[in-house]
Amino acid sequence: MKLSDLFRRPNGEKEPCLECQTLMLNINYGHNRELMKKCRRLEEYAIFVDTIRKNQAKG
């Protein structure tokens, strides 16, 4: 993803002088298992958020 993609450029405007580019990762529980193996806190956070979502769905 590029930050400049979020903004319109009027006709003829040049490319930005500075670009911010990033990689978006899905950290929902069950996704990116290799990343979760490497970062226990991130895995625990994903489990925590998943538990909250399940409990909210139950009411």
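Could you tell me the relative contact order of the chain? Use alpha-carbon pairs under 8 Å, at least six residues apart, and round to a whole percent.
Working: 28 pairs, mean separation 16.1, N = 59.
RCO, the chain: 27 percent.
Under a Cβ-Cβ cut-off of 12 Å, what is the net charge of the residues other than Asp50 that fall near it, where Lys and Arg count +1 and Asp and Glu count -1?
Spelling it out: positives minus negatives among the neighbours equals 0.
Given a 1.4 angstrom probe, I'd like the percentage of the accessible area of the chain that is carbon and sulfur, rounded to a whole number.
Carbon and sulfur together cover 54 percent of it.
Return the long-range amide H neighbours of Tyr29 (sequence gap of 5 or more, or a different chain), with a cut-off of under 5 Å between placed amide H atoms.
Answer set, sorted by chain and number: Asp50.
Label Ile52 and Phe7 with points 7 Å out from Cα along Cα→Cβ: what is the distance between them in nm?
3.2
Would you work out which of Leu23, Asn11, Gln56 lies farthest towards the positive end of the dipole of the chain? Charges go on Cβ: Lys and Arg +1, Asp and Glu -1.
Toward the positive end, the furthest listed residue is Gln56.
Taking only the alpha carbons of the chain, what extent do you get along each of the three principal axes, in Å, biggest first?
For the chain, the Cα extents along the three principal axes come out at 52, 32, 14 Å.
The values are calculated or read from the model by the stated rules, or taken from the named source; none is laboratory data. Bear in mind that the values here come from a model prediction, so they are computed numbers and not experimental data. Reconstructed Cβ throughout: ideal geometry from the backbone, glycine too, with neighbour counts over all protein chains shown. The protein model used for the area step is the full one, side chains on, heavy atoms only, and it has no ligands, DNA or RNA in it. Shrake-Rupley method; radii C 1.70, N 1.55, O 1.52, S 1.80 Å.
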